[in-house]
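The values are calculated or read from the model by the stated rules, or taken from the named source; none is laboratory data. From a predicted model like this one, the values you see are computed outputs, not experimental measurements. Cβ atoms come from the backbone with ideal geometry, glycine included; neighbour counts cover every protein chain shown.
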């Protein structure tokens, strides 16, 4: 069996033990660690569904699942040190996760190329954009991981907006004021078909709009299908304050989703061999 080809169950066992070590007896800390543990395994599930839709090989699927398993491993030290998951006031959790993976020497069973790929995708999974200089293989796996991550984050925030609290309020709303307004720059970013700049976030509805705008950063056909089936955009839209800006924003993101579902725009994702992924 070649390095990197074995089952990842032992890494899953390591992750469970590592995460449990941060839980302690404090209720707030336990809740935070439990949230990220559940999120990790759901992202692994999502990436498996997406990978299957792309007909990934056994090796590619193991790499994808490994990235999903470790993508948020830095969240535990982040919360232990800062008592928050907000990167802007603590540490970049993608960078933190990559550093922990390297420090723990977790990838010794993988080839040098595979180790670099996993570390790259973990480090960049939470950044605003995919680096322009990413190789075709890096871009493919990074977009795959980012899609899987978004799909579960949407699930968490939609449950929160519908009164089913799973995460601390400050995690879902970033501690932003609950003003019932949408900032002008946030509205402008979305209407231009772009990702909202986090520096423009002033209110809780602004963050909801940013989450709706993630549709512009989805890549894989199956991701669009799941987003539509689960009605995440509609669930967030219903939580927005009733105003003209909110309606315009919903129509913008919904139109984009409809166009992608109808295949009117070529997917950004490319396979590890450089071919276009069409789901």
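Among the residues of the stretch 142-157, none qualifies, meaning not one is surrounded by 15 or more Cβ atoms within 10 Å (Cβ to Cβ), under 18 Å from residue 212 (Cα atoms) and at pLDDT below 90.
Apart from one condition, residue 191 fits all of (1) within 17 Å of residue 152 (Cα to Cα); (2) in contact with a helix residue (DSSP H, G or I) (Cβ under 8 Å, 6 or more places away or on another chain); the exception is (1).
Taken over the stretch 242-262, the residue count meeting the criterion of being within 18 Å of residue 189 (Cα to Cα) and surrounded by fewer than 16 Cβ atoms within 10 Å (Cβ to Cβ) is 6.
Inside the stretch 35-62, residues that are in a helix (DSSP H, G or I) and more than 17 Å from the chain's Cα centre (by Cα) make up a count of 7.
Just one residue in the set 209, 215 is closer than 12 Å to residue 254 by Cβ, at pLDDT 95 or above and crowded, with 19+ Cβ neighbours inside 10 Å; that residue is 215. Applying the condition of being under 16 Å from residue 59 (Cα atoms) and either without any contact (Cβ under 8 Å) to a residue 40 or more places away in the chain or not assigned by TED's automatic domain parsing to the domain that holds residue 73 (or both) to the stretch 109-131 and asking which residue is surrounded by the most Cβ atoms within 10 Å (Cβ to Cβ) yields 115.
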